[in-house]
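Chemist: Before I ask anything, let me first share the structure, which is written out below as structure tokens.
The values are calculated or read from the model by the stated rules, or taken from the named source; none is laboratory data. From a predicted model like this one, the values you see are computed outputs, not experimental measurements. Backbone-built Cβ (ideal geometry, glycine too); neighbour counts: all protein chains shown. Just so you know, the surface numbers come from the protein's heavy atoms only, side chains and all, with ligands and any DNA or RNA stripped out. Shrake-Rupley method; radii C 1.70, N 1.55, O 1.52, S 1.80 Å.
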Amino acid sequence: MPVTATDESGAATAQVEAARAPKDNRVRATYDGDETHEGSSTGLVRLALRRRNADVRLRGPGSVVDEQSVVLRVRVTTGAGDPVEGPVQLLRRAGRRWVEERALRLDERGRADAEVAPRVDTRYRARLAQRPWLARGTSTVHRLDNRPPGTPVRLPAGAPSPRRSLPAQARAVGEGPNAEVSRIPGGVWKQMTGRSWHAGCPVGRDSLRLLRINYWGYDGYRHRGELVAHADAVGRMSRALSGMYARELPIRSMYRVDRFGWSKRLQGADDHASMAAGNTSAFNCRQVVGRPGVRSPHSWGRSLDLNPWENPYRTSGGWLPTGWWVGRDHPEVAWRSGSHAVVALLRTHTLRWTYGTADAHHFDARAAGRTAGRGDRPDLPPECDHVVCH
């Protein structure tokens with residue numbers, strides 16, 4: 001501690017360097033005395049700290065490709081430029097709140113790095129808690145845009161959007177298509193019952209399977225979809241959809257059709273709504289769209305509807321779900337001939353483009369070793385022998 005002498009008035013001053021910990025900032029003055037005065041000392045006096053300002057900065061790239069990672073860098077200094085060591089938080093915006101992404105520790109240079117891999121556009125900021133000697137500090141917001149790993153679909157000018165919107169499907173998990181086939185879980189069956197399945201259907205739970213699979217979406221991202229199909233057809237559908245994945249042939253969406261609720265006019269899940277959303281699906285125990293009383297091939301789970309918005313179906317009342325695409329094709333998502341990449345690929349997996357352009361989005365698998373088609377499917381009603389049965 002500094003030693004000094006009093007002046008003529010008995011006063012003395014000393015410069016003391018304050019510590020950062022309050023417990024270390026207690027001082028007292030001691031007088032040694034002289035030939036006429038005895039020595040004495042004061043009690044302990046606590047020095048009040050004046051907090052210094054904190055400069056918190058967060059830096060990093062402005063974008064990241066989905067499923068890849070980037071490094072965000074935090075730097076904290078005092079207003080005078082001295083580095084700050086210790087804990088700091090990396091925060092992420094979640095809805096209306098900021099939540100802790102992770103706790104970091106600043107090194108002797110006042111720096112900390114964090115590797116992040118967000119699956120959506122995300123905002124971050126760094127926050128330093130208040131300390132006895134340092135004020136609380138928060139960085140400016142750093143925006144990190146999530147970019148698609150694939151190329152988004154470019155549709156023709158004037159192409160209408162689906163009449164029904166769906167939330168973006170969950171992003172893909174695992175490598176490649178990562179197809180998983182399972183029996184129908186209890187929770188899924190509960191959601192199907194009274195919608196895509198009901199009493200009187202020609203197949204039951206034991207004959208059906210749930211397929212979960214990654215696919216390339218129109219937005220250029222990998223998504224994970226699911227559909228229900230017959231046990232003897234789901235493998236072929238899985239391989240066909242895996243082939244589409246390998247060739248990056250996109251699918252608009254792939255939700256189970258029970259998501260669209262019960263349709264009184266179809267006596268099954270609402271295929272009108274599914275088509276209007278451009279949704280790919282398979283099993284649906286219902287009537288043929290536009291032909292009341294006739295059971296649809298989808299009731300057996302061996303039929304697949306693929307990208308219906310761009311590949312319409314002709315009914316007696318016109319084209320569904322939209323007539324805009326009639327006579328128009330697209331190299332990735334709309335087909336008007338058997339030589340199209342999608343039709344040719346599905347054919348290699350014995351999924352037949354049964355009705356051609358009359359029902360462009362409809363494909364059928366073989367039943368019990370027979371070729372799918374009109375007049376040779378014992379599991380279809382005779383009304384479907386020579387007409388389109390969507």
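Chemist: Need pairs with beta-carbon distance below 7 Å; first residue outside any strand (DSSP E or B) and within region 138-158, second of a type in the set (V, I, T); sequence gap 6+ or separate chains.
Modeler: That search, which allows pairs on different chains as well, returns S139/V56; P149/V65; V153/V333.
Chemist: Exactly one of (1) open to solvent by 50 Å² or more (accessible area, probe 1.4 Å); (2) in contact with a strand residue (DSSP E or B) (Cβ under 7 Å, 6 or more places away or on another chain); (3) touching a residue at least 40 places away in the same chain (Cβ under 8 Å); (4) of a type outside the set (S, T, Y) is unmet by I213. Its number?
Modeler: So I213 meets the others, but not (1).
Chemist: Which of (1) surrounded by fewer than 18 Cβ atoms within 10 Å (Cβ to Cβ); (2) modelled with pLDDT of 95 or more does R125 not meet, given it meets every other one?
Modeler: (1)
Chemist: What single numbered condition from (1) in contact (Cβ under 8 Å) with a residue 24 or more places away in the chain; (2) open to solvent by 10 Å² or more (accessible area, probe 1.4 Å) fails to hold for H361?
Modeler: So the condition that H361 fails would be (2).
Chemist: Ok, one more. When you check A18 against the structure, is it open to solvent by less than 100 Å² (accessible area, probe 1.4 Å), at pLDDT 75 or above and in a loop (DSSP other than H, G, I, E, B), yes or no?
Modeler: No, not satisfied.
Chemist: Same structure, new question: Condition test on A117, is it within 25 Å of Q68 (Cβ to Cβ), open to solvent by less than 80 Å² (accessible area, probe 1.4 Å) and either of a type in the set (G, A, S) or free of Cβ contacts under 8 Å to residues at least 24 places away in the same chain (or both)?
Modeler: yes
Chemist: Further question on the same structure: For region 186-199, how many residues are open to solvent by 50 Å² or more (accessible area, probe 1.4 Å), within 27 Å of the chain's Cα centre (by Cα) and either on the phi > 0 side of the Ramachandran plot or in contact (Cβ under 8 Å) with a residue 24 or more places away in the chain (or both)?
Modeler: Residues flagged as open to solvent by 50 Å² or more (accessible area, probe 1.4 Å), within 27 Å of the chain's Cα centre (by Cα) and either on the phi > 0 side of the Ramachandran plot or in contact (Cβ under 8 Å) with a residue 24 or more places away in the chain (or both) within region 186-199 amount to 2.
Chemist: State which residue pairs qualify: first residue in a strand (DSSP E or B) and inside region 75-92, second residue aromatic (F, W, Y) in any location, beta carbons under 8 Å apart, and separation of 6 or more residues or different chains.
Modeler: Here the result reads L90/Y124; L91/W98; L91/Y124; R92/W98; R92/Y124, each pair linking region 75-92 to a residue that is aromatic (F, W, Y).
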